[in-house]
Amino acid sequence: MARRLFGTDGVRGVAGELLTADLMVKLGRAATVQSGADTPRVLVIRDTRESGEMLEAALAAGVASAGGEVFLGGVLPTPAAPLLLGRYGFDLGAVISASHNPYRDNGIKFFGADGFKLSDATEEAIEDLLDDPVQGAAIGRIRALHGTEEDYLRELHTRFADLDLSGTDVLLDCANGATYAAGPEIFRRLGANVSTVADTPDGRNINEGCGSTHVDAIARQVVDGGHDAGFAFDGDGDRVLAVDRNGVVVDGDELIALAALHLRDTGRLAGGGVAVTVMTNYGFHAAMEKHGVEVATTQVGDRYVIEELRARGWSLGGEQSGHIIDTGFVPSGDGIASALLALESLEGGDLAERSAMRKLPQRLVNVRVADRDAAMGSDELAQAVAAESERLEGRGRVLVRASGTEQLVRVMVEAPQDDEADAVCARLVAVVERSASPA
C-alpha cells in the first residue's frame, strides 16, 4: 500500500471506495498493535454519516482481532474523544468522521492516551503494520460505553460554570452532525434561549447546505429571527464560525483574537502567546502586536497548531476556518467550547460591537484540479505568485497552497481594498487553472 495514507487530519476518502471495511479492520488492528499496551483499551466515537456504523463495526473488529478492548461511545463531537480518554484512562481513541466533507466521505483520526492526535511518525508506523498479520493474540471484546454524552456535557459545564447566558438568544446550526444533541443542551443548561437548525441528522444530510461551510444560511436566519448571535458547527463539531445580530460572519481569526485578549486579561493565556496558521488575516497579527501578545505561525492544519502550542508551552491557537484550540480545556478543536469561550470573552457585551481586530479584505478561492501536485509545481504559477507578492509587499499578501485532503489548490489574497484583492485573486486563479487540467 502506498505511503502517506494519512493526511493532515487522519485518513479520509469516499466510504466504500478508499475507506472500505477491509481497510478499517487493518487500521484497527495496526493501531492496536502499535499502541504497545498489553491489552489496549480503545474508545471509538463517530459522527452521523450513514457509513459510520459499518466503519465502526469494522474498526472494532480489527481492534478486537489484535487483542484490544473496544468501547463504543456512539455519536459524539470529536473533542469528546480526548476528554473521555483522560476520564476513563483509555490507551487510544478513534473518531470516525470526515468533518466538513459531504456524507459520502468518511474518515478516521486517532488520539493517543495523552489526548493529542497521533504524530506523523506514529501514523507512519501504523501504515507499516497494515498488512502484517497478528498471530497468537487473545481475542478482545467489544462493548457499548453508556453515558458518554453526559460525560462530555459535564466537562463543558464544569469549564463554563461561571458563564451565565440568561437572556441571551442564540441560534445554533448543528450541521446535522455530531453536535446536534450536545450543542443545544449545554447552551440551555447555561441559561440561553436556544433555537436550532440542521439538528435532525438522517445519515445523508450532514453538512448539506448547513454548518460552518455554509454559514451564509444561518447569517440570514439570525437577522430574520432577531437573535443576538448565531454559531455554526461543522459535521464532527471541532470547529465553529459565528454570526453577529447584523448577520456579519465572525471567523476563526476574530474569535481567536477575542479569546486571546480575554484570557490574557484574566491571567489565563499561558505563555502570553497564541499560535495560528499562514492563513490567518494580517489584521490579527496587527491587533496582537498592539496588545503585546506574541504570535507564532504554522502551516495549515490544527495538528501543527497544537504541536506549536506544546513546543512553546502555550494554550491558545487555531485557524481561520474555526478550529480553535484551548488546551486548558481539551487538546483539540472544540466548536461548542469555542462558541462558549467567545460569549465568555464578550463579558456580557454584544458580538456585533466586537473590537479585538480589524480584518484586511481577504479572498479565498478553492480551485478544483485533476492533480494538485502538478499545479503546484508549475513554473508559471511560481512566477505569478512572486510577482503578485512583490506588488503587495508591505500592504497585503498572497498564499497559494495545495489542500491536504482534496484535489484542490487554495488561492488566498489579502489587500487593502476589496477591488484589488478581487483582481489579484482572479489573476492567480486563472494561472492555476492553466497549470493543471480541471477535474
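Quick notes
The rows are residues; the columns are (1) in contact (Cβ under 8 Å) with a residue 60 or more places away in the chain; (2) polar (S, T, N, Q); (3) within 27 Å of ALA161 (Cβ to Cβ).
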{"position": "SER315", "(1), (2), (3)": "no, yes, yes"}
{"position": "SER321", "(1), (2), (3)": "yes, yes, no"}
{"position": "ILE324", "(1), (2), (3)": "yes, no, yes"}
{"position": "PRO331", "(1), (2), (3)": "yes, no, yes"}
{"position": "ASP334", "(1), (2), (3)": "yes, no, yes"}
{"position": "GLU347", "(1), (2), (3)": "yes, no, yes"}
{"position": "LEU351", "(1), (2), (3)": "yes, no, yes"}
{"position": "ARG358", "(1), (2), (3)": "yes, no, no"}
{"position": "ARG363", "(1), (2), (3)": "yes, no, no"}
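Yes/no per residue for (1) in contact (Cβ under 8 Å) with a residue 40 or more places away in the chain; (2) at negative phi:
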| site | (1), (2) |
| --- | --- |
| GLY271 | yes, no |
| THR298 | no, yes |
| GLY318 | yes, no |
| ASN366 | yes, yes |
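- Selection status of THR39, open to solvent by less than 20 Å² (accessible area, probe 1.4 Å) and not charged (D, E, K, R): no
- Look at the range 16-45: where a residue is charged (D, E, K, R) and a partner is in a helix (DSSP H, G or I) and open to solvent by 10 Å² or more (accessible area, probe 1.4 Å), sitting 6+ places away or on another chain with Cβ atoms under 7 Å, you get ARG29/SER65.
- Checked against (1) surrounded by fewer than 21 Cβ atoms within 10 Å (Cβ to Cβ); (2) at positive phi, ASN176 passes all but a single condition, namely (1).
- Of the residues examined, ASP105 is not one that is within 22 Å of GLY7 (Cβ to Cβ) and open to solvent by 50 Å² or more (accessible area, probe 1.4 Å).
- Residue that is open to solvent by 30 Å² or more (accessible area, probe 1.4 Å) and either on the phi > 0 side of the Ramachandran plot or of a type outside the set (D, E, K, R) (or both), where the choices are LEU76, LEU83, LEU72: LEU72
- Flag for GLU414 being touching a residue at least 60 places away in the same chain (Cβ under 8 Å) and either within 25 Å of ALA370 (Cα to Cα) or acidic (Asp, Glu) (or both): yes
- Residue match in the range 206-225 (condition: part of a strand (DSSP E or B), among the aliphatic types (A, V, I, L, M) and over 18 Å from GLU347 (Cα atoms)): no
- Enumeration of residues in the range 180-192 that are of a type outside the set (A, V, I, L, M, F, W, C), touching a helix residue (DSSP H, G or I) at 6+ places or on another chain (Cβ under 9 Å) and not in a helix (DSSP H, G or I): none
- Taken together, the residues in the range 157-172 that are without any contact (Cβ under 8 Å) to a residue 40 or more places away in the chain and under 24 Å from the mean Cα position of the chain (by Cα) amount to 2.
- Taken over the range 305-322, the criterion of being crowded, with 18+ Cβ neighbours inside 10 Å, of a type outside the set (Asp, Glu) and outside any loop (DSSP other than H, G, I, E, B) is satisfied by VAL305, ILE306, LEU309, LEU316, GLY317, GLY318.
- Per the conditions (1) among the β-branched types (Val, Ile, Thr); (2) surrounded by fewer than 19 Cβ atoms within 10 Å (Cβ to Cβ); (3) out of contact with any helix residue (DSSP H, G or I) (no Cβ under 7 Å at 6 or more places or on another chain); (4) outside any loop (DSSP other than H, G, I, E, B), the sole criterion not satisfied by THR200 is (4).
- Residues that are under 18 Å from ILE306 (Cβ atoms) and either out of contact with any Phe, Trp or Tyr (no Cβ under 9 Å at 6 or more places or on another chain) or among the small types (Gly, Ala, Ser) (or both), drawn from the range 61-77: none
- When ASP47 is tested against (1) open to solvent by 10 Å² or more (accessible area, probe 1.4 Å); (2) of a type outside the set (S, T, N, Q); (3) out of contact with any strand residue (DSSP E or B) (no Cβ under 6 Å at 6 or more places or on another chain); (4) at pLDDT 95 or above, only condition (1) is not met.
- Residue tally, condition open to solvent by 30 Å² or more (accessible area, probe 1.4 Å), under 25 Å from VAL75 (Cα atoms) and either among the charged types (D, E, K, R) or not in a strand (DSSP E or B) (or both), over the range 120-149: 5
The values are calculated or read from the model by the stated rules, or taken from the named source; none is laboratory data. Given the structure is predicted, the values throughout are model-derived calculations rather than measurements. Don't worry about glycine lacking a Cβ; one is built from the backbone with ideal geometry, like all the others, and counts go over all protein chains shown. Quick note on the areas: whole protein, heavy atoms, side chains included, nothing else; ligands and nucleic acids left out. Shrake-Rupley method; radii C 1.70, N 1.55, O 1.52, S 1.80 Å.
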